[in-house]
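*Asks:* One structure follows; several queries about it will come next.
Every read-out reported here was derived from the displayed coordinates using simple, explicitly stated rules and does not represent laboratory data. Keep in mind the model is a prediction, meaning the values are calculated, not measured. So basically every Cβ, Gly included, is an ideal-geometry build from the backbone, and we count neighbours across all protein chains shown.
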Amino acid sequence: MSAPQATRTTALHAGAWWLWALGLATAASRTTNPLLLGLLVGVAGYVVAARRTHAPWARSYGAFVKLGLVVIAIRLVFAFVLGSPIPGTHTLVTLPEVPLPHWAKGVRIGGRVTAEGMVFALYDGLKLATLLICVGAANALANPARLLKSLPGALYEAGVAVVVAMTFAPNLVADVQRLRAARRLRGRPDRGVRALLQVGLPVLEGALERSVALAAAMDARGYGRSAEVPPAVRHLTSVLTLGGLLGSCAGTYGLLGDSGGGYGLPLLLAGLAAALAGLWLGGRRSVRSRYRPDRWGARAWLVAGSGIAVAALMIWANDYAATTLHPPAVPLTAPVLPLWPAASVLLGLLPAFVAPLPPGTGRADRTERADRTGRAGRTDRADRTDGTDRGDRTDEASSASKASRAARAASRGRAPDGDPHAKEPTQ
């Protein structure tokens, strides 16, 4: 099905983007093959480039990519200076080793740097960088305000606090810039500790005024009202929420570990189910309504399902292709791209074709821009042609005027104006 233009009613649910990105991150945690990790980064980058909007948060993907490169560099530096637990026979360089006390056994600074240890550090750093890039893809694609609006009722207060913080932070920056510009216009210094102290008081006053106005508006809209629920429901809510979070943490640890794939997924699913049930029961205390709630449609299911499918297939691939998913550093061997795990990673490209198009990138918009460009070009050519015709008509009129003046001068017995060879008439 063709992707429609994204509007308020057809926009994709923000939670679908996060489920898709977390699925890719889970797949990245199950392999150290640099070819598969690079393929995951390429899939995430292509989807971001195809479905990213022009909003401020959409520019965060580049920052996460740079952060991933920094993580790889730091991991390599640590392996170079502090050594690696991986034994190796290919020595690259031998650094002066710092002697350490006996209680620091197992830790060394300097010493022999091997190629096997550096390759292992590169694989490890690349996996962590891929996890960060997948999270950055979710930040660049999901609208944070719409995601907070979709929180369950039990997290309503936390969501409001985050929204207020996100709203007030740009206002504080704008106030500081405005006051510094005003000080410069008055000839006062706007840098230094003294200037900062003098700017801080007006900024604090403006923040307090906005806080009082926001508190009055929230009180007028009934913020903080809660319904009465039986004590048994409250206790059950606490038990389900706490137990679900603990189960989710244990299941996630099992999935990320190499030996916990068997119990990790069932424990994670049970923990998520208990946590969702606790949040649903806790939401009964919150008396509120939603304005234009985001709908979870078929496209959201496809986007979220593609990420979950990539994670599930990569976890399954650890049973039949564990060697290719984790290429050994000892002995040094070139990594091989496994066919079926790579094909499962390509399922993550589905959002680039089924997710709604961001504003300004649809086929209708491109056609309209092309039509406007064509009309502008035709108008420009018509103006140039009209200008040329007007110039020709002006030349013709000038020649006719000169001929008329010459005829009148000849009838009066005078030479036309500007004729250097004309003779004065005889008296």
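*Asks:* Per residue of segment 301-314, what does 6.51 cos²θ - 1.76 cosθ + 1.60 with θ = phi - 60° give for ³J(HN,Hα)? Whole Hz please, x for Gly and Pro, Karplus curve as stated.
*Replies:* Those phi angles translate into 5, 5, 5, 5, x, 5, x, 5, 5, 4, 5, 5, 5, 6 Hz.
*Asks:* Just add up the charged neighbours of Leu37: K/R +1, D/E -1, any other residue whose Cβ is under 13 Å from the Cβ of Leu37.
*Replies:* +1
*Asks:* Could you tell me the calculated FRET efficiency between Thr10 and Leu172, based on Cβ-Cβ distance and R0 = 45 angstrom, to the nearest 0.05?
*Replies:* Details: r = 35 Å, r/R0 = 0.77.
Computed FRET efficiency for Thr10 and Leu172: 0.85.
*Asks:* Here's a follow-up. Given H placed 1.01 Å from N in the peptide plane, which residues other than close sequence neighbours of Leu92 have an amide H under 5 Å from its amide H?
*Replies:* Val113, Thr114, Ala115
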